[in-house]
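Data block below; observations after.
Bear in mind these aren't lab numbers, they're just calculated from the coordinates by the rules spelled out. Note that the structure is predicted; figures quoted are calculated from it, not measured. In this analysis, Cβ positions are derived from the backbone assuming ideal geometry, glycine residues included, and neighbour counts consider all displayed protein chains.
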2 protein chains.
Amino acid sequence: MTVDPIPHQDPVLDALADTSARAGLPDLAQRLTELAALLQSDLAGVETALTALGDSADDVATRAAQHLLARPGKRIRATAVLLAARLGKGPGPGDRELTRDLAVAAELVHAATLLHDDVIDLGDERRGAPAARIVYGNTASILGGDHLLVEALRRVRPPLLDEILGVIGEMIRAEALQLVRRADLGRVTAESPAQRSEAYLTVARGKTAALFRFCLRAGATVAGLSRPEIDALGRFGEALGLAFQLVDDVLDLEGDPVVTGKSVHSDLREGKLTWPVLIALERDPKLAELLKAEDVALDAIADRVKRTEAAAATRETAAIWVEQAMADLFQAPPSPARRAFEVLAREGLSRKR
Amino acid sequence: MTVDPIPHQDPVLDALADTSARAGLPDLAQRLTELAALLQSDLAGVETALTALGDSADDVATRAAQHLLARPGKRIRATAVLLAARLGKGPGPGDRELTRDLAVAAELVHAATLLHDDVIDLGDERRGAPAARIVYGNTASILGGDHLLVEALRRVRPPLLDEILGVIGEMIRAEALQLVRRADLGRVTAESPAQRSEAYLTVARGKTAALFRFCLRAGATVAGLSRPEIDALGRFGEALGLAFQLVDDVLDLEGDPVVTGKSVHSDLREGKLTWPVLIALERDPKLAELLKAEDVALDAIADRVKRTEAAAATRETAAIWVEQAMADLFQAPPSPARRAFEVLAREGLSRKR
């Protein structure tokens, strides 16, 4: 089959060296540049593996899956695995293949959920292109997701296999919870702010943070870190994932669709109460009526949310969570990779896509 | 949550003892009755495990899954695993749990594909009740299928885990192939009979026979059989699965919906060319026009297919495949379980549901 792989760009890795150079740390900048070069080579391997999945694609499920994989994602989950694998003595030649498989698996699980989510949410656009379900149909998108899930699991060995199965289970339950809440906005808007935040965190932990937790734990396991270190890095991954979700929420509100590759306000359209909306509901309780109404323009709701400055508050919360998570990151021994995570976590707060 | 588990009936096991008694083999009948009692206890364990899956169901994905699992299926896949596990020296106390997990996993994979298939085929009824997607929605049915897939995989250890992942991959590709062919009846009806049969077999092997192959191989592995014996039993399982599919096709044509629990002619409605339809197309080539037309009543097509006596021919083919497969079954050492498979394979040809 013919695919058009778009060259992989990596703003995160570029930022790594830039930031250290700007911080007047030329030595660190040098070491991070070396690390970035290594990671770049690892990521190229991931990219090759992801593209190879569609090489013999003669069925519509694989083609639907390949349609998504061939678009350039941020590959943030793969990066997290690859970087975490360098938190110890660094992966040996054999471990490098193992690490790449884990990085590929993390991206595949993520892609599988996107294929299913697009059907569930009736999403039209993904990564700057029509969603697979638009090109190949809902059914192909469901089967394509199933296919990628199987391909992901084939790349993971025990004991990490049990962990990733547990994570996929969490992702499904979180999606189901979100589904129920979206269908019942009347009840949800009547809840207390604390109840709403709790439900939000349950969904975000399952949908986003659990896989980040896995990425960190998987990498740290390959790196040969101790059990307490792996646990701490798992917690760091979870916090990173939650912060990542908050920034995603902000981008849905005020991101540039050309840069994000997603249509703007799609969470709002789908009745998902993002973190900025939760904050706006606290600051402007009458917003609840607008959210429940059926004939209000999305832009009007978005404007009203923006007026509460909920986006800035959300970014602040994400920044606080990232800083709190540093204590867990620092359970790992000092290394360029650890420093890279520090930079990555903080730089991620101001990402535009 | 409250479920209404309908008491499990087992026509297959009852038939086992009946048939041997009728065949004037009281000794064998006695041994098969003992075997049936053991299997009955194993199957009760499977049933308990399947029901327990929904015990803490507070999400819509699990509820959708439980809706399907609580209905009494034939549990033919679980039976195949349990019986195959007794083809050797019989499972020890520890192996019994392992065997049950494998039997449960096989039923869960099957149930997962039913939940996804109902969404893909827009099926309304399943196991004599409204399909999960009707009760809980398409989305819950997709997520419920994902959930059961994860639960299945958690129960399987290497090296069988690789096998079941491969089987799930085959099932997905077969479903995708069927999907493409259903969407293009014009091209399909223009194919030669040989081409159509080949495509049918590819789909049936993937959708049905691959999982039966796994059931036999998994059980035979637990039973401690040799590699060539396991391979032979896998081939027997595949033949059993193909014959099973042919009988299913016949039931779609002339089964009693009250007994099958499925609406009649649903394959025809969904544009699936079943084996009887392929035979009818050979015997009555003008049927192709009717199949492609949009405004012809299903009953009219079904009547025309029936007039070619395609159902009887299909049952004959299934019987031939079963008899041919006996050579593979007989690679296993003689045992009551082997005799039970013989009876089961032949009795299965005349099943009504």
Item to check | Point-charge dipole on Cβ atoms (K/R +1, D/E -1) for chain B, about Cα centre, debye to 20 | outcome: 560
Checklist entry - What is the distance, in nm, between label points placed 7 Å from the Cα along the Cα-to-Cβ direction at A:LYS89 and at A:GLU294? => result 6.6
Next on the checklist: What is the distance in Å between the Cα centroid of segment A:103-127 and that of segment B:191-233?
Outcome noted: 31
Checklist entry - When the Cα centres of segment A:315-353 and segment B:270-292 are compared, how far apart do they sit, in Å? => result 63
Checklist entry - Which is the longest part of chain B that has none of the GluC sites (Glu not before Pro) sitting in a DSSP loop with at most 16 other Cβ atoms within 10 Å? => result B:1-190
Checklist entry - Can you pull the mean other chain C-beta count within 10 Å for peptide A:128-134? => result 0
Next on the checklist: With 10 angstrom as the radius, rank A:SER335, A:SER350 by how many other C-beta atoms surround their C-beta, starting from the fewest.
Outcome noted: A:SER350, A:SER335
Checklist outcome for this item: Given all pairs of distinct Cα atoms, chain B yields a Kirkwood Rh in Å of 20.8
Checklist entry - With a sphere of radius 11 Å drawn around the Cβ of A:LEU290, what net charge do the other residues whose Cβ falls strictly inside it have (Lys, Arg +1; Asp, Glu -1)? => result -2
Next on the checklist: Quick check: residue separation of B:ALA312 and B:ALA129 times 0.36 nm, minus the Cα distance between them. What number comes out in nm?
Outcome noted: 63.0 nm
Checklist entry - Against the longest alpha carbon principal axis of chain B, how many degrees, from 0 to 90 and to the nearest 10, is the axis of helix B:227-254 turned? => result 40
Checklist entry - Given B:VAL222, B:PRO72, B:LEU177, which one lies farthest toward the positive end of the charge dipole of the protein assembly as shown, if we put +1 on the Cβ of every Lys and Arg and -1 on the Cβ of every Asp and Glu? => result B:VAL222
Checklist entry - If the cut-off is a Cα-Cα distance under 28 Å, which lysines reach B:LYS207, setting aside same-chain residues fewer than 8 apart in sequence? => result B:LYS74, B:LYS262, B:LYS272, B:LYS292, B:LYS306, B:LYS352
Checklist entry - If you take the alpha carbon radius of gyration of segment A:145-251 and divide it by 2.2 N^0.38 Å, what ratio comes out, to two decimals? => result 1.21
Checklist entry - From the label point of A:ASP231, set 7 Å along Cα to the beta carbon, how far off in nm is each other copy's matching point, shortest first? => result 4.8
Checklist outcome for this item: Under Stokes-Einstein, the protein assembly as shown at 20 °C and 1.002 mPa s, with its Kirkwood radius over C-alpha pairs, diffuses with a coefficient in µm²/s of 78
Next on the checklist: Can you find, among B:TYR200, B:ALA288, B:LEU153, the residue sitting farthest towards the positive end of the charge dipole of segment B:147-301, where Lys and Arg contribute +1 and Asp and Glu -1 at Cβ?
Outcome noted: B:LEU153
Checklist outcome for this item: So, relative contact order of chain A in percent, Cα under 8 Å, 6 or more apart, is 20
Checklist entry - Taking Cα atoms, how many degrees apart are the long axis of helix B:310-329 and the longest axis of chain B, rounded to 10 and kept between 0 and 90? => result 30
Checklist entry - Quick one: B:THR317, A:THR79, fewest Cβ neighbours within 10 Å first, how do they rank? => result B:THR317, A:THR79
Item to check | Principal-axis tilt of helix A:210-222 within chain A, Cα atoms, nearest 10 degrees | outcome: 10
